[in-house]
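S.K.: One structure, pasted below without further comment.
The values are calculated or read from the model by the stated rules, or taken from the named source; none is laboratory data. Everything quoted here is computed from the prediction, not taken from an experiment. A quick note on method: Cβ atoms are made from the backbone with ideal geometry, for glycine too, and the neighbour counts reach across all protein chains shown.
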Protein chains: 2
Amino acid sequence: MLLSDRVLMGPGPSNPYPEVAAAFTRPLLGHLDPEFLAVLDETCDRLRSVFRTDNALTLPVSGTGSAGMEAAFVNVVGPGDVVVVGVNGLFGERMCEVAGRLGAEVVRVDAPWGEPLDPEALVSAHASPAVIALVHAETSTGVRNDVEAVAPHKGDALLLVDMVTSLGGIPVDVDGWGVDIAYSGTQKCLGVPPGLSPVTVGARARGRFRERPTSWYLDLGLIARYVEGAGGRTYHHTAPVPMVFALHAGLGALLQEGLDAAWARHAACGQALQSGLQNMGLQLVAPASHRLPQLTTVWVPDGLAGEGEAGVRTALLRRFGIEIGAGVGPMAGRAWRIGCMGHTARPRNVELVLGALGEVLGR
Amino acid sequence: MLLSDRVLMGPGPSNPYPEVAAAFTRPLLGHLDPEFLAVLDETCDRLRSVFRTDNALTLPVSGTGSAGMEAAFVNVVGPGDVVVVGVNGLFGERMCEVAGRLGAEVVRVDAPWGEPLDPEALVSAHASPAVIALVHAETSTGVRNDVEAVAPHKGDALLLVDMVTSLGGIPVDVDGWGVDIAYSGTQKCLGVPPGLSPVTVGARARGRFRERPTSWYLDLGLIARYVEGAGGRTYHHTAPVPMVFALHAGLGALLQEGLDAAWARHAACGQALQSGLQNMGLQLVAPASHRLPQLTTVWVPDGLAGEGEAGVRTALLRRFGIEIGAGVGPMAGRAWRIGCMGHTARPRNVELVLGALGEVLGR
């Protein structure tokens, strides 16, 4: 069978780092093998560096980013708990759904899709919430929310942040900001395929862990007994060994480059892409002040909206092997999402997608 | 860094098929790429063949086997539901814990670890349970439980079966037996690394799906809208693409060999291993009538129990690169678990482990 290779410029996955592809060829080890446990420990250390945290409980959860979201909520939220959720896109909506299923009293703080949340509204939405939750980088809209403006005013609440699309792509500072729980995904700015969700939990949040959360699989208190391994490793579930090898390698590539350099690379690529799109006469969705460099939303030009926009994506895929993403929610059929994340965030890919899109659009 | 390659003869993971290692080198595709969706569809078809079912809802859940267990329960079990669970090992215990956390009224039917469950006791434990659950192949003890003896007497209950260690290694017949929900893991007799959990759900069980299970991530009703794709694919979470490639390849290798041939290979290897251990003067844990070929539990010889048994495992790992498993629960320090699963189930590995163990034990 012929295999296609793609330039992955949708909202994720991005193309993995070459070091990650190499890591998948490593012979399999058992999940209790000393050599695997050394890789796992180093992976957790590398995650601490990338999250900028000293949190002991920092680990890859054995599922995709949405499993990380569920793990974040299920360990600290139970029936009747007040959870304030900022909603300005799909993943804020998802937080409401996940918290709601756990019986939480969800207090929504909405902003229009494509605009940032109002930090003031988030912290004043309820007198004493158990949790304030928001998405740092809304993958559905390309908007950055101001986590650092919310954090100082969280009060007694736990601050729970979705960093799926931010981690590795824009500045993140879990300890500096005072984030209590954060989760991410491997397939965005970490340059690793989908399959794991990095999670970090601070001492305050850990002190509020529920004794027996409804999920056994995502019970971080139990998982910690395997991952932290003080006094021996207690088996919980079989670690997804090849994906841990892959994450270990991707984080290694990222940290060797340096976080500052990686953020600068994402910023430069995003800026070049966004300027190029505007020079083509296209309009960007997100306001400049809160525009993500790693994920750009752009309005589909007049006359193409609806079925026509899908034809453009299909042409990019068939003629050039480039994947870009469709709009979702109120932007379905009306916007494209163009990712420039992880190893994909290279000037050559910006050149390529601008040239190809210009050709398909006749601009 | 030097990399070790192991002969993986513990309770899982087993060594992947060569076709699986090759699949990990395939360039990454997006989770909505038509070429990926074709691989996913074919993976689900192959899972139907291996489970021997026509169930439309047959898919790899994006987590390890324990995520499959949780998915099986969380979609059909809620507060107050009576769940009868057969318990003769660690994974029966885990079922009780998972169901209990969902608020079920758990009715345990115990048998001693190392002995099979009594099918009669299971079906007569409660007048009208919502679910009867048992483990087909207890990875903790090497015992097979008689699913086919329980199935005809399940009445109105759903029959929920853990096939983590049985699928691909011993006969499984989901439709023929009348199993309503089954789940497995990739890292045992399917010869694929850990990371996914094949799950199959029949129409009866699907008709009893809870409308809004506490887990969003494992909500099979929502996931079906992506996997089944009638009328388009609705995004749920980003599929773990490389692991799906790997599973696709492993199932391909297994089905090319043929299920009957693979079962016969596991049976022959297990028989040879078990005879060899007995010829060495060692005692097997499981009774011959219910002894799994793919996972053999053997008592640690007198004088070695306790710390000494760990030394034997360490010697096998260091001198020969062979991993075998420790005992768990009441067998911790008192038994070994030797797997012969998937691609590892080869006469050469049986020869090897018998020779190496004999040398280390001086027998």
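S.K.: Do you know which residues across segment A:142-164 are basic (Lys, Arg) and farther than 19 Å from A:GLY65 by Cα? Don't jump to the end; show me each part of the working.
M.R.: Taking segment A:142-164 as the starting set, the residues that turn out to be basic (Lys, Arg) are A:144, A:154.
Residue satisfying the conditions is A:LYS154 alone.
S.K.: Of all residues in segment B:86-100, how many are touching a helix residue (DSSP H, G or I) at 6+ places or on another chain (Cβ under 7 Å) and surrounded by fewer than 24 Cβ atoms within 10 Å (Cβ to Cβ)?
M.R.: Number of matching residues: 3.
S.K.: Please specify each residue of segment B:301-356 satisfying the condition of being on the phi < 0 side of the Ramachandran plot and in a loop (DSSP other than H, G, I, E, B).
M.R.: Correct list: B:PRO301, B:ASP302, B:LEU304, B:ALA305, B:GLY327, B:VAL328, B:ALA332, B:ARG334, B:CYS340, B:MET341, B:ALA345, B:ARG346.
S.K.: What's the number of the only condition in (1) assigned to a loop (DSSP other than H, G, I, E, B); (2) away from every other protein chain (no Cβ under 14 Å); (3) in contact with a helix residue (DSSP H, G or I) (Cβ under 9 Å, 6 or more places away or on another chain) that B:ASP175 fails to meet?
M.R.: So B:ASP175 meets the others, but not (1).
S.K.: Cβ-Cβ distance below 9 Å, separation of 6 or more or different chains: which pairs start in segment B:147-168 with a residue that is not assigned by TED's automatic domain parsing to the domain that holds B:HIS248 and assigned to a strand (DSSP E or B) and end on one that is buried (at least 24 other Cβ atoms within 10 Å of the Cβ) and modelled with pLDDT under 95?
M.R.: Between residues of segment B:147-168 that are not assigned by TED's automatic domain parsing to the domain that holds B:HIS248 and assigned to a strand (DSSP E or B) and residues that are buried (at least 24 other Cβ atoms within 10 Å of the Cβ) and modelled with pLDDT under 95, there is no close pair.
S.K.: Going by the conditions given, is B:ARG208 out of contact with any Gly (no Cβ under 8 Å at 6 or more places or on another chain), within 21 Å of B:ASP45 (Cα to Cα), of a type in the set (Lys, Arg) and more than 11 Å from chain A (Cβ to nearest Cβ)?
M.R.: Values: out of contact with any Gly (no Cβ under 8 Å at 6 or more places or on another chain): yes; within 21 Å of B:ASP45 (Cα to Cα): no; of a type in the set (Lys, Arg): yes; more than 11 Å from chain A (Cβ to nearest Cβ): yes.
Here the answer is no, as B:ARG208 does not meet what is asked.
For every residue, the table says whether it meets (1) out of contact with any Cys (no Cβ under 6 Å at 6 or more places or on another chain); (2) crowded, with 24+ Cβ neighbours inside 10 Å; (3) more than 17 Å from B:GLY342 (Cβ to Cβ).
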{"position": "B:GLY142", "(1), (2), (3)": "yes, yes, no"}
{"position": "B:ASP146", "(1), (2), (3)": "yes, no, yes"}
{"position": "B:ALA149", "(1), (2), (3)": "yes, no, yes"}
{"position": "B:ASP156", "(1), (2), (3)": "yes, no, yes"}
{"position": "B:ASP175", "(1), (2), (3)": "yes, no, yes"}
{"position": "B:GLY178", "(1), (2), (3)": "yes, no, yes"}
{"position": "B:VAL199", "(1), (2), (3)": "yes, yes, yes"}
{"position": "B:GLY202", "(1), (2), (3)": "yes, no, yes"}
{"position": "B:PHE209", "(1), (2), (3)": "yes, no, yes"}
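S.K.: Which one of these is polar (S, T, N, Q) and over 21 Å from the mean Cα position of the chain (by Cα): B:SER4, B:SER14, B:SER62, B:SER66?
M.R.: Exactly one residue qualifies, and that residue is B:SER4.
S.K.: Restricting attention to helices (runs of 4 or more DSSP H) lying wholly within segment B:1-85, give those where 2 or more residues are crowded, with 22+ Cβ neighbours inside 10 Å and within 11 Å of chain A (Cβ to nearest Cβ). Give the derivation first.
M.R.: Values: elements: B:18-23, B:34-51, B:65-74.
Counting at least 2 such residues, we get B:18-23, B:65-74.
S.K.: Just to verify a result, which residue in segment B:211-232, among those that are in a loop (DSSP other than H, G, I, E, B) and surrounded by 16 or more Cβ atoms within 10 Å (Cβ to Cβ), is farthest from the other protein chains (Cβ to nearest Cβ)?
M.R.: Per the stated criteria, the residue is B:GLU228.
S.K.: Any residue that is crowded, with 23+ Cβ neighbours inside 10 Å, over 24 Å from B:VAL39 (Cα atoms) and at pLDDT 95 or above - is there at least one of those in segment B:180-187?
M.R.: yes
S.K.: From the list B:LEU282, B:LEU273, which residue is closer than 27 Å to A:VAL241 by Cβ, modelled with pLDDT of 95 or more and either surrounded by 15 or more Cβ atoms within 10 Å (Cβ to Cβ) or touching a helix residue (DSSP H, G or I) at 6+ places or on another chain (Cβ under 6 Å) (or both)?
M.R.: Result of the check over B:LEU282, B:LEU273: B:LEU273.
S.K.: Now for a different question. So for segment A:271-284 (the condition being among the hydroxyl-bearing types (Ser, Thr, Tyr) and within 24 Å of B:LEU32 (Cα to Cα)), does at least one residue qualify?
M.R.: There is no residue in segment A:271-284 that is among the hydroxyl-bearing types (Ser, Thr, Tyr) and within 24 Å of B:LEU32 (Cα to Cα).
S.K.: Kindly check whether there is at least one residue in segment A:111-132 that is assigned by TED's automatic domain parsing to the domain that holds A:VAL179, part of a strand (DSSP E or B) and touching a residue at least 40 places away in the same chain (Cβ under 8 Å).
M.R.: Looking through segment A:111-132, at least one residue is assigned by TED's automatic domain parsing to the domain that holds A:VAL179, part of a strand (DSSP E or B) and touching a residue at least 40 places away in the same chain (Cβ under 8 Å).
S.K.: Quick one: in segment B:288-345, which of the residues that are surrounded by 21 or more Cβ atoms within 10 Å (Cβ to Cβ) and farther than 17 Å from B:THR141 by Cα is farthest from the chain's Cα centre (by Cα)?
M.R.: Among residues in segment B:288-345 that are surrounded by 21 or more Cβ atoms within 10 Å (Cβ to Cβ) and farther than 17 Å from B:THR141 by Cα, the one farthest from the chain's Cα centre (by Cα) is B:LEU316.
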